[in-house]
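Engineer: The structure's right below; bear with me while I get my questions together.
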Amino acid sequence: MESILPVLAVPAIGTLIGYLLGYAAIYFKVEKDPRIEAVIALLPNGQCGQCGFPGCAQAAGAMVRSEAPVGACTPGGAALAKRIALLLDRPADDGAESVPQVAVIDAQACDGCGRCQKKCNFDAIIGATRQQHGILGDDCTGCAACLAVCPRQAIALRADPQLTPSAAKPRFDVREASYV
């Protein structure tokens with residue numbers, strides 16, 4: 001009987017500590033604003049830091065608390081700013097409409113060092129060491145993290161051709177043209 005008490009004491013103490021931790025989790029629970037989670041779901045979550053915050057979660061919290069503009073996420077562009085403004089029931093920024101951008105690598109200048117590939121948080125850069133690298137346009141958010149690490153300045157940001165609205169060309173009907 002004396003040898004069984006220490007064996008039973010350990011599970012009893014563990015059970016007691018488990019109940020106390022469960023009660024503490026319920027008692028000290030911090031309520032979060034559900035809008036923060038909704039904004040985090042909309043953001044690209046690349047933690048690029050272009051908005052001035054260390055991560056997308058901090059930026060989302062600042063947007064919900066009106067400490068940051070809804071258009072603070074540069075990679076998201078104007079389309080994301082409008083979606084966040086609609087979600088938060090705030091007016092969209094009156095600033096200039098930003099166009100979504102993607103990175104483009106100059107084939108003549110790229111030496112294949114691989115620094116850009118290591119820096120990309122979205123795995124949008126492909127290539128092998130000592131060979132030319134390429135950008136996956138669908139994965140690139142235009143965060144510009146790769147620009148700073150390229151020693152040859154072979155990377156530039158261009159307007160995303162898939163997301164940039166093209167200007168409508170005026171129609172010119174050849175049959176109606178009069179040649180004088």
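FYI, it's all coordinate maths here, none of it is from the lab. This one's a predicted model, so the numbers in the text were calculated from it and none came from an experiment. Note that each Cβ is placed from the backbone with ideal geometry, even for glycine, and that neighbours are counted across all protein chains shown.
Engineer: Taking the simple approach of a point 7 Å from Cα along Cα-to-Cβ for both residue 130 and residue 92, what is their distance in nm?
Structural biologist: A separation of 5.0 nm, rounded to one decimal place.
Engineer: Also: Can you work out the FRET efficiency for the pair residue 111 and residue 159, with r the C-beta to C-beta distance and R0 = 25 Å, to the nearest 0.05? Could the numbers behind the result be given before it?
Structural biologist: Numbers: r = 26 Å, r/R0 = 1.04.
For R0 = 25 Å, the calculated efficiency reads 0.45.
Engineer: Follow-up question, since we're still on this one. Using per-residue counts of other Cβ atoms within 10 Å, averaged over each peptide, order 139-146, 66-73, 33-40, 114-121 from highest down.
Structural biologist: Going from most to least packed, we get 139-146, 66-73, 114-121, 33-40.
Engineer: Simple spin-label model, 7 Å along Cα-to-Cβ: residue 28 to residue 42 in nm?
Structural biologist: 3.4
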